[in-house]
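Asker: One structure follows; several queries about it will come next.
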Amino acid sequence: MPPVVPFAVVLGTVQDGGFPHVGCACPACERATREPSLRRSVASLGLVTRKGIAVIDATPDFASQTRRLAELAGRSVADPPRALLLTHLHAGHVLGLALMGREAWANTGTPVWATEKCLAFLQRNEPFAALFRDGHLSGRALPLGWDASLDDLVIQPIPVHHRSENGDTVGYRVEGPERSIFYAPDLDSVTPDVIGQIRAADIAILDGTFFRRGELSRTDASAVPHPAIADTMSAVSRIDTKVLFTHLNHTNPGLDPDSRESRAIRAVGMRVAREGEVIELG
């Protein structure tokens, strides 16, 4: 049976550089290059409403992700999204916007939902500014913490701590008639406010960039302060909400479902999100 509308679809589960990761020759990326079944798309969540589709974050895999979402929704792949919701302005979350322009989709007026600061940055900086100026995109500023209606869903942008050099970073509370999701693919830390949002949701899909602190062997690793899955598991272990992890870096052993780390995540009732999985909200 087809899913009950409205529903969400996990469209991608890895960090901005993809998996295999751009410019990386580590054993995990080399294996994923040889074995297509191991490849993963950049983190994104699709939404299906009674009137169409919407996408949280426009990733470098935007073309294949919107096609997959439309097919799951039983919609024409030619119909543009009803909304593109942005969590923040880092590359892997906005590069797909460029495909809405005249070189690609060439649609008119696709709504971009983001905070006022994020929209202002996009509208005054190329190549994104041209997409608004030429009418391919239209902006809808979302006040932090306020509800917005998207057909049969209620969407609320929740401010979260993350490197936000040119705008804000938000997670999204997505509330359907029966169930709700808290989606926060990028965090610097699991704060008490984030804990409260997790507790209030039926399902939380959270930043799982690294399994352990110190996993990234780069000289600037301290500038990438995502919470480790191991620490998040401890922080949310007494919460009844179903917890999934997304936005995994290519260094994260949780990418391998047979790894000791993946088994440890499942042992406490959590898991890594699966690309293509459907979460019914109605």
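Asker: Just for the Cα atoms in segment 5-140, what are the lengths along the principal axes, largest first, rounded to whole Å?
Answerer: Taking max minus min along each principal axis of the Cα atoms, segment 5-140 gives 44, 36, 26 Å.
Asker: Based on alpha-carbon positions alone, could you give the equivalent ellipsoid semi-axes of the chain from the gyration tensor, as √(5λ), descending, whole Å?
Answerer: Working: eigenvalues 147, 93, 76 Å².
Result for the chain: semi-axes of 27, 22, 19 Å.
Asker: Run the Debye formula on the Cα coordinates of segment 80-146, all scatterers equal and no solvent, and tell me log10 I(q)/I(0) at q = 0.18, 0.24, 0.25, 0.26 1/Å.
Answerer: Cα-only, vacuum Debye calculation for segment 80-146: -0.58, -1.06, -1.15, -1.25.
Asker: Set the Förster distance to 41 Å, then compute FRET efficiency between ARG199 and ARG102 from the Cβ-Cβ distance, nearest 0.05. Intermediate results must be reported in sequence, preceding the final value.
Answerer: Details: r = 45 Å, r/R0 = 1.11.
FRET efficiency, ARG199 to ARG102: 0.35.
Asker: I would also like to ask the following. Label 7 Å along Cα→Cβ of GLU35; segment 255-282 residues with amide nitrogen under 15 Å?
Answerer: 255-260, 262
Asker: While we're on this one: At a 10 Å Cβ-Cβ cut-off, how would you order ARG31, ARG82, fewest neighbours first?
Answerer: With the sparsest Cβ surroundings first, the list reads ARG31, ARG82.
Asker: Over the chain, what is the relative contact order in percent, taking alpha-carbon pairs closer than 8 angstrom and at least six residues apart?
Answerer: Values: 621 pairs, mean separation 55.0, N = 282.
Value for the chain: 19 percent.
Asker: When only alpha-carbon atoms are used, what values of Rg and Dmax, in angstrom, describe segment 1-75?
Answerer: For segment 1-75, the Cα-based Rg and Dmax read 14.2, 44 Å.
Asker: Take every DSSP beta bridge whose two residues both sit in the chain, then give the antiparallel share in percent to the nearest 5.
Answerer: Numbers: 27 of 51 bridges.
Rounded to the nearest five, the antiparallel share is 55 percent.
Asker: So how do TRP146, TRP105, TRP113 line up by other beta-carbon neighbours within 10 Å, fewest first? Walk me through the numbers before you get to the answer.
Answerer: Details: TRP146 9, TRP105 18, TRP113 22.
Placing the least packed residue first, the sequence is TRP146, TRP105, TRP113.
Asker: Just want the ordering: CYS118, CYS24, from fewest to most Cβ atoms lying within 10 Å of their own Cβ. Display every interim value, and only then the final one.
Answerer: Numbers: CYS118 27, CYS24 16.
Fewest-to-most Cβ neighbours within 10 Å comes out as CYS24, CYS118.
Asker: While we're looking at this one, here's another question. Using only the alpha-carbon atoms of segment 157-282 as identical scatterers, what base-10 log of I(q)/I(0) does the Debye formula give at q = 0.18 Å⁻¹?
Answerer: Each listed q corresponds, in turn, to -0.98.
Asker: Now for a separate question. Taking the Cα centre of the chain as origin and charging only Cβ (+1 Lys, Arg; -1 Asp, Glu), how large is the dipole, in debye to the nearest 20? All intermediate terms of the calculation are to be shown ahead of the outcome.
Answerer: Working: 29 positive and 33 negative charges, 63 e Å.
Magnitude of the dipole: close to 300 debye.
Asker: Compute and list, largest first, the equivalent-ellipsoid semi-axes of segment 243-282 from the alpha carbon gyration tensor, each √(5λ) rounded to a whole angstrom.
Answerer: Working: eigenvalues 77, 32, 12 Å².
They are 20, 13, 8 Å, listed from largest to smallest.
Asker: While we're looking at this one, here's another question. Please work out how much length the chain gains when fully extended from LYS51 to CYS24, using 0.36 nm per residue of separation minus the C-alpha to C-alpha distance, in nm with one decimal.
Answerer: Values: separation 27, 0.36 × 27 = 9.72 nm, distance 4.07 nm.
Length difference between fully extended and current span is 5.7 nm.
Since every read-out is calculated from the coordinates, none of them should be taken as a lab result. Every value quoted in this text rests on a predicted model; they were computed, and no experiment measured them. When we count neighbours, we look across all protein chains shown, and the Cβ atoms used for this are built from the backbone with ideal geometry, even at glycine.
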